[in-house]
1. If you average the alpha carbon positions of the range 18-33 and of the range 59-117, how far apart do those two centres end up, in angstrom?
2. Would you kindly calculate the translational diffusion coefficient of the range 27-79, applying Stokes-Einstein with the Kirkwood radius from alpha carbon pairs, for 20 °C and a viscosity of 1.002 mPa s, and quote it in µm² s⁻¹ without decimals?
3. Sorted by mean Cβ packing within 10 Å, highest first, what order do the peptides 70-78, 113-121, 88-96 take?
4. Restricting things to alpha carbons, tell me how big the range 18-130 is in terms of Rg and Dmax, in Å.
5. Heavy atoms only, probe 1.4 Å: what % of the accessible area of the range 13-73 goes to carbon and sulfur, would you let me know?
Amino acid sequence: MARVLRTGARGPRGRPELRWRIVLMSAVAAGVFLAGAAVTGSGWVGIPLYIGFVMAGGLCMPGLKAALNERVPARGRATMLSAGGLFNSLASGVGLYVMGALGLGLANVKGVWTFAAAGTVLAGTLAAWCCLRSLRSPARTADEPVTAPEAAPLAL
């Protein structure tokens, strides 16, 4: 398992240009597993599918963190990771409101999990696109100094 996670972070054979494919495939697999768990009527099938969802979703994270670490200078990396956690929480909260507006109660496992599966695939596709797009910009190393305009505080 550790080897798979390292491959997701570095890319196959150390090729970060393939990272976006790993992120996309993992997100799509997570969505398929969760949708499968939602529509199955058996716990014997649903529980392994849900475990597959969690594992496939976890495969996305090393690649995303590695892409972030390559592009964000060390000085602002903690802030960026914190903002990422905030947006993740906000997306989850907005998703709950949207499900409520659609009339999906949280007890409706088929509806909620199917909706969450679609959101997982959409978010994973967006993350893979961001990884692919970041390849077009030069990577910034952690040792590079932050230039004056980047270090200046925001004026209100």
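The values are calculated or read from the model by the stated rules, or taken from the named source; none is laboratory data. Just so we're clear, the structure is a prediction, and the values are computed from it rather than from any experiment. We place every Cβ from the backbone using ideal geometry, glycine too, and count neighbours over all the protein chains shown. All accessible areas refer to the heavy atoms of the entire protein, side chains included, with ligands and DNA or RNA removed. Shrake-Rupley method; radii C 1.70, N 1.55, O 1.52, S 1.80 Å.
1. 15
2. On the way: Rh = 12.6 Å.
The calculation lands on 170 µm²/s.
3. Details: 70-78: 14.4, 113-121: 19.4, 88-96: 11.4.
Ranked from most to least packed, the peptides come out as 113-121, 70-78, 88-96.
4. Cα-based Rg and Dmax for the range 18-130 come out at 15.4, 50 Å.
5. Details: 2360 of 3210 Å².
Roughly 74 percent, rounded to a whole number.
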